[in-house]
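Undergrad: The structure is given below, and queries will be raised subsequently.
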Amino acid sequence: MLAKLDEITNGQAKGFDPLCSGRDSMFVIRQDDKAYAYLDICPHYGDTTLPWKKHQYLNADKTHIVCAAHRAVFNIQDGNCVKGPCLGQALKNIKIEVSSDQEIQVDLNILRNAINETMR
Ligand code: FES
């Protein structure tokens, strides 16, 4: 289990390090009962992580995901870049499941594969 859904404040994002790599490799954004998860790697440049500070993945209005490095802006719902240097690219979605008792589950093999594909 990654976390309970209610451990993420509604409308906020939270980073996770499920592979115990020493840095957050993915993040989850909660919007009411929905959760969206992405790899914490910006498609613009190398393996750059997005937040300027732990868990700070969203803009001030909490309407979009922002990469702190060069200010790329991404949709929360589909990860598509809508503004900035990686326009036309997208964050790598990570499949998660929220169980009936609100536990967020991630398959570590899916996460590892996503990291490996992105780092190629
Ligand atoms: S590394 Fe994310 S916008 Fe440049």
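Please treat every number below as a calculation from the coordinates, not as lab data. All values derive from a computational prediction rather than experimental measurement. All Cβ positions, glycine included, derive from the backbone under ideal geometry; neighbour counts span all protein chains shown.
Undergrad: Would you say V28 is over 25 Å from N113 (Cβ atoms) and in a strand (DSSP E or B)?
TA: On the way: over 25 Å from N113 (Cβ atoms): no; in a strand (DSSP E or B): yes.
No: the conditions fail for V28.
Undergrad: Filter region 74-91 down to the residues that are closer than 20 Å to I8 by Cβ and either within 13 Å of the ligand (Cβ to nearest atom) or surrounded by 14 or more Cβ atoms within 10 Å (Cβ to Cβ) (or both) and list them by number.
TA: F74, N75, I76, G79, L91
Undergrad: Could you please find all residues in region 17-34 being among the hydrophobic types (A, V, I, L, M, F, W, C) and either touching a His at 6+ places or on another chain (Cβ under 9 Å) or crowded, with 20+ Cβ neighbours inside 10 Å (or both)?
TA: Scanning region 17-34 gives M26, F27, V28, I29.
Undergrad: Please tell me if C81 is part of a strand (DSSP E or B) and not polar (S, T, N, Q).
TA: When the stated conditions are applied, C81 passes them.
Undergrad: Limited to region 27-48, what total is found for residues that are under 20 Å from H64 (Cβ atoms), out of contact with any Ser or Thr (no Cβ under 8 Å at 6 or more places or on another chain) and away from the ligand (no atom under 16 Å from the Cβ)?
TA: 8
Undergrad: Output the residue which, of all residues in region 51-73 that are of a type in the set (A, V, I, L, M, F, W, C), within 16 Å of A37 (Cα to Cα) and without any contact (Cβ under 8 Å) to a residue 24 or more places away in the chain, is surrounded by the most Cβ atoms within 10 Å (Cβ to Cβ).
TA: Of the residues in region 51-73, the ones of a type in the set (A, V, I, L, M, F, W, C) are 52, 58, 60, 65-69, 72-73.
After this cut, where a residue has to be within 16 Å of A37 (Cα to Cα) as well, the list is 58, 65-67, 73.
Still in the list and also without any contact (Cβ under 8 Å) to a residue 24 or more places away in the chain: 66, 73.
Values: V66: 21, V73: 17.
Residue satisfying both the conditions and the ranking: V66.
Undergrad: Do we have A90 as without any contact (Cβ under 8 Å) to a residue 40 or more places away in the chain and farther than 21 Å from D33 by Cα here?
TA: no
Undergrad: Now a separate question. Residues to consider are I94, I65; find the one that is β-branched (V, I, T) and either more than 16 Å from the ligand (Cβ to nearest atom) or touching a Gly at 6+ places or on another chain (Cβ under 7 Å) (or both).
TA: Selected residue: I94, the only one of I94, I65 that is β-branched (V, I, T) and either more than 16 Å from the ligand (Cβ to nearest atom) or touching a Gly at 6+ places or on another chain (Cβ under 7 Å) (or both).
Undergrad: I want to confirm something. Restricting to region 31-50 and keeping residues that are assigned to a loop (DSSP other than H, G, I, E, B) and hydroxyl-bearing (S, T, Y), which single residue is nearest to the chain's Cα centre (by Cα)?
TA: Looking at the filtered set, the residue picked out is T49.
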